[in-house]
Structure formats: structure tokens, C-alpha cells
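See structure below.
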């Protein structure tokens with residue numbers, strides 16, 4: 001067995017699962033976190049990026065020297081930039097100016113061309129709304145057509161869920177030795193929730209799977225949307241992907257910006273884990289899940305990305 005990878009793509013996946021003993025204390029449950037910033041691009045989206053490109057190669061949608069384009073809040077773009085750099089494709093990332101500056105700088109460093117789209121009227125840096133995402137979508141479609149580029153289209157591509165069904169869900173089941181009572185995940189494109197939940201439920205129908213949404217945009221929960229502008233980047237856009245599966249959902253957990261921020265800071269200060277806003281949202285939601293589960297239940301959640309991507313924000317100030 002080789003002791004090295006042929007390239008950095010071999011380092012994607014098989015991330016550690018860590019028990020959050022200090023944060024779990026007093027909650028009545030055991031919370032375990034899948035640390036996805038161990039992926040090369042510092043986020044969970046690397047898993048999906050390699051799946052998208054490999055499937056496109058198999059189907060002939062992309063050929064040697066081709067161009068890939070995608071709308072992104074940063075993490076998917078980073079994953080695609082890494083895969084494209086290794087495989088020799090040109091990559092163009094289209095993203096909102098509202099996303100943290102670290103994300104666009106990281107993309108540029110990885111050789112991607114970054115197209116920044118101004119926010120919708122009333123937009124504020126750090127608050128990316130559904131309206132902002134609509135503008136990014138328009139620009140992405142325009143460039144994809146003009147350049148005849150391959151677009152993975154993460155929000156509509158079922159291969160994203162397949163990537164998590166084949167990897168993330170299987171890893172969690174193995175790492176917990178099947179001793180998992182609940183899975184909690186913030187929803188962006190929906191792939192990580194759908195794919196991981198499907199894998200876990202295929203192993204055991206007793207695993208409860210909870211959707212996490214922002215307090216101001218509980219769209220999937222069917223509650224009133226007051227605003228799609230919130231601090232939890234990468235999701236909460238009041239959107240249901242075409243591959244969504246309601247049968248996988250056992251409940252909805254709503255978190256505020258303040259709760260997400262406080263939990264992200266607790267991860268750093270109490271557990272030594274430096275993660276972002278959506279990670280904080282998942283931890284806050286996992287603690288709320290304690291009210292719905294039996295004492296001593298094992299809850300697994302995902303920490304999608306690194307706190308390094310938010311140093312320009314007020315997350316750690």
C-alpha cells in the first residue's frame with residue numbers, strides 16, 4: 001500500500017469525527033462533529049466538487065482543456081478550483097460581493113477566475129440574501145452560455161447528494177459503529193443533508209434527521225420568511241432543490257444569527273475547533289435537538305468549513 005497520494009485529490013474525505021465533550025456537558029446528549037475543514041479546500045464541498053468533475057468526464061460533458069463555471073458562496077468554488085487545477089481545466093467562480101473576502105482571495109490563489117456580482121439594493125457585506133443569489137445566477141447563466149463552459153449547477157445536480165451518500169454518510173456510520181441516534185445539518189444546496197441522511201437511514205430507519213435553517217428564513221419548515229439576509233453563509237436561501245426528499249426529514253431546527261455566532265465561538269473557546277458560521281448553526285441546533293431526543297442520545301453534525309474563511313467578519317472579534 002502506498003504511503004502517499006498521487007495528488008491532493010486523494011486527501012478529500014475520511015475526515016475526523018470528534019466528540020464535543022465540553023459543549024455537550026449538561027445537555028443530556030452526546031454531540032459529535034464531522035470536521036470537514038480537514039479537506040484540502042477547508043470545506044465539505046470538496047467531496048462534491050470531485051464527484052461533479054469525475055461524472056462530467058465520464059459522460060463527456062467536459063473534455064481536456066475545457067472550462068468549468070459555477071455560482072458559489074465560496075466553498076464549492078474552492079473545491080472546484082482545486083479539482084480543476086489538478087486536472088488542467090480552467091475554472092470561473094461567480095459569487096456575490098456579500099461573501100467574505102477570504103473566499104474570493106482563496107479562489108484567486110488557486111488559479112480560478114473570480115467574477116464578483118454586486119448585491120441587490122439594500123444588501124450588506126456578510127449578509128448574502130436570496131435576492132443576491134438570484135443576481136449571481138443570472139450572471140452565471142450568461143457566462144456559461146457565452147463561454148460554452150461546463151456548469152455543475154450544484155443547486156440542481158443530484159450528484160451532490162450522491163457524493164455524500166457514498167462518502168459522508170458511510171464514514172459517519174463507520175466512525176460511530178452504528179451508534180447514532182440523530183443527524184443534524186444546515187441546508188445550502190441540500191446535497192449534504194439528503195445524501196448523508198439517506199445513507200444513514202439505509203443503515204437504520206431509527207436515525208432521526210433534522211434540517212437546520214436560519215430564524216429569518218425557515219422555508220423548508222413551511223414557516224414565515226421575514227428575510228433571506230442573514231449571517232449564516234452558504235445556505236438559508238428559501239430554496240428547495242429538485243432532488244430534495246421530504247421523507248428523510250424528521251424535524252426542523254431553527255437558529256438565529258446570534259445563536260450561530262455564539263456556538264461558533266464556543267467551538268473555538270471550549271473545544272479548540274476553529275470553524276465558521278454554519279458550523280455554529282449546526283452546534284446550536286444540535287443542542288436544541290436534545291429536547292426531542294432521549295437522554296444519552298448520540299447526535300452527529302457537520303462542521304462545513306474553517307473559521308479562517310471569516311477572519312474579515314465579526315465572527316471572532
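The values are calculated or read from the model by the stated rules, or taken from the named source; none is laboratory data. No experiment lies behind these values; they were computed from the predicted model shown. All Cβ positions, glycine included, derive from the backbone under ideal geometry; neighbour counts span all protein chains shown.
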Next on the checklist: Suppose we filter 258, 251, 236, 294 for residues that are out of contact with any strand residue (DSSP E or B) (no Cβ under 7 Å at 6 or more places or on another chain) and more than 16 Å from residue 24 (Cα to Cα); which single one remains?
Outcome noted: 258
Next on the checklist: Among the residues of the range 262-282, are any surrounded by fewer than 22 Cβ atoms within 10 Å (Cβ to Cβ), closer than 21 Å to residue 46 by Cα, touching a residue at least 24 places away in the same chain (Cβ under 8 Å) and touching a strand residue (DSSP E or B) at 6+ places or on another chain (Cβ under 9 Å)?
Outcome noted: yes
Checklist outcome for this item: Across the range 216-232, the tally of residues that are in contact with a strand residue (DSSP E or B) (Cβ under 6 Å, 6 or more places away or on another chain) and more than 18 Å from residue 131 (Cβ to Cβ) stands at 2
Checklist entry - Under the condition of being touching a residue at least 60 places away in the same chain (Cβ under 8 Å) and part of a loop (DSSP other than H, G, I, E, B), which residue from the range 202-234 is nearest to the chain's Cα centre (by Cα)? => result 234
Next on the checklist: Testing residue 51 on (1) under 19 Å from the mean Cα position of the chain (by Cα); (2) outside any helix (DSSP H, G or I); (3) surrounded by 22 or more Cβ atoms within 10 Å (Cβ to Cβ), one condition comes back false. Which one is that?
Outcome noted: (2)
Checklist entry - Which of the strands (runs of 3 or more DSSP E) contained wholly in the range 65-182 include at least 2 residues that are surrounded by fewer than 24 Cβ atoms within 10 Å (Cβ to Cβ) and more than 20 Å from the chain's Cα centre (by Cα)? => result 113-117
Item to check | Residue in the range 1-18 that is nearest to residue 91 (Cα to Cα), counting only those that are in contact with a strand residue (DSSP E or B) (Cβ under 9 Å, 6 or more places away or on another chain) and surrounded by 14 or more Cβ atoms within 10 Å (Cβ to Cβ) | outcome: 15
Checklist entry - What do you reckon, is residue 161 closer than 13 Å to residue 244 by Cβ and either assigned by TED's automatic domain parsing to the domain that holds residue 93 or touching a residue at least 60 places away in the same chain (Cβ under 8 Å) (or both)? => result yes
Checklist outcome for this item: Among (1) in contact with a strand residue (DSSP E or B) (Cβ under 6 Å, 6 or more places away or on another chain); (2) over 17 Å from residue 18 (Cα atoms); (3) part of a loop (DSSP other than H, G, I, E, B), residue 193 falls short only on (3)
Next on the checklist: I need the full set of residues from the range 190-201 which are crowded, with 24+ Cβ neighbours inside 10 Å and free of Cβ contacts under 8 Å to residues at least 40 places away in the same chain, in order please.
Outcome noted: 195, 200
Checklist entry - Here are some conditions: (1) surrounded by fewer than 24 Cβ atoms within 10 Å (Cβ to Cβ); (2) in a helix (DSSP H, G or I); (3) without any contact (Cβ under 8 Å) to a residue 60 or more places away in the chain. Residue 23 meets all but one. Which one does it not meet? => result (3)
Checklist entry - Would you pick out the residues in the range 95-123 that are farther than 20 Å from residue 230 by Cα and in contact with a helix residue (DSSP H, G or I) (Cβ under 7 Å, 6 or more places away or on another chain)? => result 106, 107, 110, 111, 112, 114, 115
